[in-house]
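Each remark here refers to the structure printed beneath this line.
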Amino acid sequence: MSCRLYLVTPPALAPEAFRDSLAAALDAGDVACVQLRLKGAPQDTVARAAEVLMPVAQSRGVAFLLNDDAALAARLGCDGAHLGQQDGDHAAARRLLEGRILGITCHASRHLAMEAGEIGADYVAFGAFFPTATKEAPSRAHPGLLRWWSELMEIPCVAIGGITPENCAPLVQAGADFLAVVGAVWSHPEGPAAGVRAMNAAIRAAGG
């Protein structure tokens, strides 16, 4: 499986204004999915953002995932949810999201990843691999973790945390199925479309 780009939204956004930025990013090159991640926002704010942004992704064949809340993801018609270790009962979320995508954050833990696989996660996320301004990372992951997982398991793995075109090659070569990025796209000096093109070019150059 080739490595693909996984976009995570900025931590705060105005949905109507962001819609055009998202469309430009998705039209610029291959993107596997978009995760709406509005940490700490009220549920109605998250729901409104999903209603505005989800059609942009889904109309382009891009999966739209909601961070942290499996029940809200199911209610809104999202393609799935991405859950952290503190985001409720993962096994219950798996049942609730039957037929949809469930991803689980596993930090740098082989044990947590194996547990996620056992309950039927569709992917596991490892990180942070590099310093990131987006969140406080409880652990630092090493590319060897991706290699171990990809050699052992069929379940895809996502690498996250400070990933840029300049530093992503070791992650691609270690077997990451997806690279989750925030700043590399949304903070790109030439705009999000240029950010997507730069990330995809770097993935190809690394052999992904």
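The values are calculated or read from the model by the stated rules, or taken from the named source; none is laboratory data. All figures in this text were calculated on a predicted structure; none of them were measured in a lab. With ideal geometry, Cβ positions are generated from the backbone for all residues, glycine too; neighbour counts draw on all protein chains shown.
List of remarks:
- Tally of residues being more than 14 Å from V34 (Cα to Cα) and assigned to a helix (DSSP H, G or I) across the stretch 52-85: 6
- The C-beta contact set for the stretch 125-136 (first residue part of a loop (DSSP other than H, G, I, E, B), second residue at pLDDT 95 or above and among the β-branched types (V, I, T), distance under 6 angstrom, 6+ apart or interchain) comprises T134/V182.
- Within the stretch 8-22, being surrounded by 14 or more Cβ atoms within 10 Å (Cβ to Cβ), part of a helix (DSSP H, G or I) and of a type outside the set (A, V, I, L, M) holds for P15, F18, R19, S21.
- Here E151 meets each of (1) more than 25 Å from I101 (Cα to Cα); (2) among the charged types (D, E, K, R); (3) assigned to a helix (DSSP H, G or I) with one exception, condition (1).
- Residue that is nearest to G103 (Cα to Cα), among those in the stretch 181-191 that are surrounded by fewer than 24 Cβ atoms within 10 Å (Cβ to Cβ) and touching a residue at least 60 places away in the same chain (Cβ under 8 Å): V182
- Every residue from the stretch 31-45 that is out of contact with any Lys or Arg (no Cβ under 6 Å at 6 or more places or on another chain) and either of a type in the set (S, T, Y) or at pLDDT 95 or above (or both): V31, C33, V34, Q35, L36, R37, L38, A41, P42, Q43, D44, T45
- Pairs with Cβ under 6 Å, 6+ apart, first in the stretch 193-208 and at pLDDT below 95 and buried (at least 21 other Cβ atoms within 10 Å of the Cβ), second among the aliphatic types (A, V, I, L, M) and in a helix (DSSP H, G or I): G208/V172
- Selection within the stretch 14-27: residues that are out of contact with any strand residue (DSSP E or B) (no Cβ under 9 Å at 6 or more places or on another chain) and among the aliphatic types (A, V, I, L, M). The member of this set that is nearest to P192 (Cα to Cα) is A24.
- Residue match in the stretch 89-106 (condition: in a strand (DSSP E or B), at positive phi and either within 18 Å of the chain's Cα centre (by Cα) or surrounded by fewer than 23 Cβ atoms within 10 Å (Cβ to Cβ) (or both)): no
- R48 vs. criteria part of a loop (DSSP other than H, G, I, E, B), of a type in the set (K, R) and at pLDDT 95 or above: no
- Residue satisfying condition, being among the small types (G, A, S), crowded, with 17+ Cβ neighbours inside 10 Å and closer than 19 Å to V124 by Cα, within set A49, A25, A73, A57: A73
- The stretch 1-30 residues that are in contact (Cβ under 8 Å) with a residue 12 or more places away in the chain and within 25 Å of A176 (Cβ to Cβ), paired with ones that are hydroxyl-bearing (S, T, Y) and surrounded by 16 or more Cβ atoms within 10 Å (Cβ to Cβ) (beta carbon under 8 Å, 6 or more apart): V8/T134; P11/T134; L22/T9
- Counting the residues of the stretch 28-45 that are surrounded by fewer than 19 Cβ atoms within 10 Å (Cβ to Cβ) and either in a strand (DSSP E or B) or more than 17 Å from the chain's Cα centre (by Cα) (or both) gives 6.
- Among all positions in the stretch 113-124, there is no residue which is out of contact with any helix residue (DSSP H, G or I) (no Cβ under 6 Å at 6 or more places or on another chain), among the acidic types (D, E), assigned to a loop (DSSP other than H, G, I, E, B) and without any contact (Cβ under 8 Å) to a residue 12 or more places away in the chain.
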